[in-house]
Every structure is written in C-alpha cells, then in structure tokens.
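What follows is one structure encoded as structure tokens, with my remarks underneath.
The values are calculated or read from the model by the stated rules, or taken from the named source; none is laboratory data. The shown structure was predicted, so the numbers you read here are calculated from the model rather than taken from an experiment. Neighbour counts are summed over all protein chains in view; Cβ atoms, including those assigned to glycine, are modelled from backbone coordinates with ideal geometry. We work out accessible area using only protein heavy atoms, side chains counted, and drop any ligands, DNA or RNA first. Shrake-Rupley method; radii C 1.70, N 1.55, O 1.52, S 1.80 Å.
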Amino acid sequence: MNERSIRALYPMFWGIAITYGISLINALWLKFAVNVKRLGYCQALADVILATLVMYVTGGASSPLFVLYLFIIVGATVLFGSSGAVIVAAASGLLYALLASGLIAPLDLNSSSISAAGILGVYTSLIVIALASSYLAKQLEAVWRIADRHKQNLHELSNQQQQFFNDISDGILTIDIHSAITNINKAACAIMGLSDIDAQSLIGSNFSDFLKNQHADKNEKSLFETNISSNEPMDLNIRRKTDNKELCLDYTVRTLSNSLGSESGKLLCFRDVSHIRSMEKRLSLHEQITKLLAETDLFQTSQSPSTSPINLIGESKVMQQIIALIERVAAKEASVLITGESGTGKEVIAKAVHSQSPRCNNPFVAINCGAIPETLIESELFGYKKGAFTGANSNQLGLFRQADGGTIFLDEIGELPLQLQSKLLRVLQEKTVRPVGDVHDIPVDVRIISATNKDLKVEIANKRFREDLFYRLNVVNIVVPPLRNRKEDIPLLMRYFIGRYSDKSSILPKISAEAAGLLINYSFPGNVRELENIIERALVLGSEAILPEHLPDEVKLNSGINKANSAFAIAKTHNDDYTRIYSLPIDLENTIAELEKVYLLRALEQAGGIKKQAAKLLGLNFRAFRYRLKKYGMGDEATP
C-alpha cells in the first residue's frame, strides 16, 4: 500500500475515533444523567451527526449509507413518538442538505453537487418517512397493547379455571389420548391421599399404572368402556396406598374434544361413596333380617329368657343341654360336681339342681372352701362341742347339720386341705359327721354338690387332691362353658341384668347397637359375673341409655372383630327393644348364612328331625331344604 492510499484512509480512522469518543461521552453522561429523555434526544441527534460523517467519508450526498438516516428515524419513532421522529428527520434533512449543497467540501473532488429540488425532495421524504413510521409505531403499539391485554386475560382465565378446577368437591383427573395423566385436582388428591409432590409426579405418568398402584378392581379399558356405554355413574373399588384403606368411588367418564371436534382425551370425575355404600349394606342387612324375623317367631322372647322351669338364662345349644341334664339329675340323690371358669355361674346351677329336687323345701347351704381359714374350716363344716378349743363357749351345729334334709354346696372344693378331704370322704360314705371335740358320730341327710375352677385330675396327679374323693364327688359332672363360647346368650343376659339393676318404676333403659356390639365381641375373662358388673356400672353412669362411653376401657379396647357373630347376636335383641340398629361393618354373606343355619336347626328341632316337616315349616320344598342342609354340612343331622 502506497502513501497516497494510507492518507485516503485517514478520514475513516478519524470517523471511527470520533464515534467511539461520542459513545464514551454518552456512557458517562448516562451514568450521571437526571433527565433520560433529554439524553435520548441528544443520542439520536449524535447518531444523525455520526451517520452524516459516515456519508461524508464514503461519498458525500451520493453515499449508499444514506439508509442510516432511516434506521435512526425509525428508532426515534419507537422511543419518542411522532414529534421525536419529525425532529430527527428534520435534523437529518438539514445535515444532508449541507452535504448535498457543497457547503461542506467533499473529500472526493470529482463528486457533483445535488440540485435544490433534489435536496428538498430528500428532506420531504425524510419527514414523510418519520410521520409514516410514527403512524405505524402507534398502530404496532396499539396491537401490542391489545395482545398484552389478551395475554393478561388469558392468564387470569387460566388461573380462574385452575381455581375452579381445584375448588370442585368431586375428584377430577384428566387423561390425554395417549393415556397420560395431564391434570389432577385437589379433591382427587385428598380422596387418593396424595400430597402436592405426589400429584406433580403423577402428571405425565401412565393412567393404567396409576390404577395398578391403587389396586383398582378395573383396568383402564373396562373403566372407560363400561361407563361411557352406560352413561351412568359406576363404582370403582381401590385401596389407598397411604393408609391401606379400601375405598368405593362413584365415577363418571366424559370425552374431551379439541377445537376441531376431535377427541383429545378423557375426564374422570369421581367421589368417595364408601360411607354411602356402607349405609346401603347396613339398610339391606336390616331389611333382610327384618324379613326373616317377620316370617317366624324365632326371636320372639318372653319376659323369661327360658321357658324351662329351671331359672337359668341361656338359649344356646350348650345351655339347653345343661338345663336338660339338670332336669334329669335333680330328682336323683347322686353327688354333682360342677366345673368351669370363675364367674360362669356354678352356684346358680347348684341352686337350680336343688330347686328342682325333692329337697327344694329344705335348706340350701353354700360354703366357699377357699375363703375359710384352714384352722376353722373343719369346725365350720362339722361343728364343735362346747369347750373343744379356746373360745368354744357353746355347741355349734356346723354347716352340714344346718343343711340336714337339704343340699350343701361346697364351692372351690379344690382348695380343701388334704386332711379334711379324708373326713369329707367319710361323711359321704357313712352319712355322719363328728363335731370337733365330740366322740360320737351324728347322722346327717344332705346332698353334696361341689364346684371348682381347677382341673381336679391335675390336682390328683400332683398329690393335692384325693382320687377316691374325686370319684365320690364326680358322680355327675356338669361342665359350664365360658361366656365367650356362648355369645348368643349375651343379649339375654344383658336384658336380664338391665332389668335386675334398673328402677322397676321407670322405663327400662336401652342399650345402643355400638355398646351391644362391643359387649358381644368381648372375651369376658370374668364370664357372667363380669358382664353383671359391667351392666350395673353402665346403668350407674348411663341411667336411661347404655352407650359405648359407659363401658369399661378394657371392653372397648379388647373387643373381638367377629362382626358376623356380633350382628347375629344383636339381631336376637331386636324384639327386646334394646336396639333397632345392627353393628356395622359386617360380612353380609356370612351373617345371612349364620341366620339361615339357625333357622334350619330350629326347624329340624321343632319337626323332631323330620326333614319334610322342617321344610314345610320354613316354606321350602323338600329339594331346596335338602340343598341348604348339604350346603352347610348338615345333611346327616335329620331323617327324611
């Protein structure tokens, strides 16, 4: 490159340097500027000057970089509106006129000047362009405002839709055409037990996988097709993962469409109807049991729970067997041994034997062998002579002689000391007693009934009870079952004790279904005596009605879960006016089956085992009756 060429570039270098200098000045000015709009005008005018310098360097008025003026005018239009655009256009036109008129000497001496008409035309064109760009800018600004307003409206509408979506009390879940979950509302999360994080993680997941995770009883295909074809609410059973609770959902399915009318997905709307279904089952059970009760007088109980002359409460099979055994044993003189857990009512059975025996008009003397000190029990049983020991100031007959002609009941016989067991054996053999301090035997005529809650055979093996005495006492053995093994007697016992401990002048208190259910499902380690104490306590606390809160904590905490037995036993109190509601939830099928078996047995008993007669009592043909016997494994219990 020669020296002439380098000199030709000097103006360009100066132009670049001036441009950077002006930019630096603008930056410093902007840092300390107070009126930014004024600074903007100055910047626009500076840009016009720079554009003019570029044109001057690159060819003067005929330079192709004239277009720079247009960019500056458009920028001024956007920033300052029409007034700013006109001011910048006017400044551009003036500077252009200076270049075009030749007032500023061009760098290229061969360039020609432009006529005044041409300068005026360019000047007018710049003004027109400024006004046109200002108009267009206003139109664009209006469009932008409308677009921004629409955007805000759409955003607000979207927020309202989402709020409405979440405020709906029913659960809603949307699925796209690829079976991906697209949205789920708060009600659905609450029903499913999902947190906000869980709900977010579900978005985009497969709906079929979701149903599997919830252990639904329907797959996606059957869930959609069944509902859409019927257009009626259907039931969907799931097991909630958070607490493993089984839920019944009432759901409907709707098809979602896009703007073109094509299917875009499905909407699943559901609600938790578990409580409603439970109530429906409860009402259904009530109707079925009421129908059964109306068809027979099976549960029509009189004021006395038993029609037997023996005053024992119980209609269970085992209690009926005990009553029958008492009726046979009472008329005899054989010794009776009553065994059973503490509180089962062994003394009541002993009194029943005495009351039905020929000795019923003579004394019934009861003694607890475990409650009398060992040093006194002999004198208590057999009596003593005056002066037999210190404090014996007079003759004492003893319990055996007091019971002469009647019955003596030796409770807790297993607690009797060994030395007295031999003397008791002699009484049984010789039918005489010898008072303490006497040398003569005195005849006695008593019937001995004994009772124990121990296994006397184990006591014999451990040398704590005489074997020969055991066989003397155990001529007839009556085994009293624990109350937990005859739950169907609990409602009768409840009624009896409520009547016993209630004010006879007032209305008989009621017992709620929930309280009755708790008692029926309780194991009663204290047996009938414990039930009696519970009822007495509940009446003190409840007065007019017995509710669950009136029962001891051990009953509420340790009740069993055999709901079928509970509902069946509560049904037995239906006509006692203690409750009109059955304890739920239950296994409906098992409950109805239990009731059906009871009717079959009662019909067979009433018909004397003749199946055809039993079938007639139940309003069944013989084939249907025989089928039911076979169904429940009762086919061999009766004769044709």
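Report the gain in length on full extension from N258 to E374: 0.36 nm times residue separation, minus Cα-Cα distance, nm rounded to one decimal.
Result for the pair: 32.1 nm of gain on full extension.
List the lysines whose Cα lies under 27 Å from the Cα of K186, skipping any in the same chain that are fewer than 8 positions away.
Candidates past the 8-residue exclusion: K151, K212, K218, K221, K241, K245, K266.
Using alpha carbon centroids, what distance separates region 533-550 and region 327-400, in Å?
35 Å
Using R₀ = 22 Å, calculate the FRET efficiency as 1/(1 + (r/R₀)^6) where r is the Cβ-Cβ separation of K386 and D441; round to 0.05.
It comes to 0.75.
Using 0.36 nm times the number of residues separating A190 and R328, minus their current alpha carbon distance, what extension gain do you get?
Here the answer is 43.1 nm.
Using a 1.4 Å probe on the protein heavy atoms, what percent of the accessible area of region 407-538 belongs to carbon and sulfur?
50 percent
At what distance in nm do the modelled label points of E280 and N206 sit from each other, each positioned 7 Å from its Cα along Cα→Cβ?
Each label point is offset 7 Å from its Cα along the Cβ direction, giving 3.2 nm.
Of the cross-linked pairs K317/K463; K351/K487; K351/K504; K487/K510, which ones have a Cα-Cα span greater than 31 Å in the structure shown?
From the list (K317/K463; K351/K487; K351/K504; K487/K510), the Cα-Cα distance tops 31 Å for K317/K463.
Enter the accessible area per residue of region 412-487 (Å², integer; probe 1.4 Å; all protein chains in place).
That works out to 50 Å² per residue.
Between V128 and Y632, what is the label-to-label distance in nm when each label sits 7 Å out along the Cα-to-Cβ direction?
10.9 nm
When the solvent-accessible surface of protein heavy atoms is calculated with a 1.4 angstrom probe, in what order do L541, L604 fall, highest first?
So, going from the largest accessible area down, we get L541, L604.
What FRET efficiency comes out for E467 versus R500 if R0 is 35 angstrom and r is the Cβ-Cβ distance? Round to the nearest 0.05.
0.30
Residues of region 341-361 with the amide nitrogen closer than 12 Å to a label point 7 Å from the Cα of N533, along Cα-to-Cβ, please.
From region 341-361, the list is 343.
Kindly report, to the nearest 10 Å², the accessible surface of H275 as traced by a 1.4 Å probe over protein heavy atoms only.
Its accessible surface works out to 140 Å², give or take rounding.
Note the full-extension length gain between A46 and L418 as 0.36 nm times their separation in residues minus their Cα-Cα distance, in nm to one decimal.
Extra length available between A46 and L418 comes to 120.8 nm.
What is the calculated FRET efficiency for L617 to C360, with r their C-beta to C-beta distance and R₀ = 35 Å, to the nearest 0.05?
0.45
Between E544 and V318, how many nm apart are label points set 7 Å from Cα along the C-beta direction?
Going from the E544 label point to the V318 one covers 3.9 nm.
Taking loop as defined by DSSP and a crowding limit of 11 other beta carbons within 10 Å, which GluC sites (Glu not before Pro) in region 506-548 fit?
E544
Rounded to the nearest 10 Å², what accessible area does V143 show when all protein chains are kept and the probe is 1.4 Å?
Accessible area of V143: about 90 Å².
Accessible area per residue of region 133-286 at 1.4 Å probe, in Å²?
Normalised by residue count, the accessible surface of region 133-286 is 63 Å².
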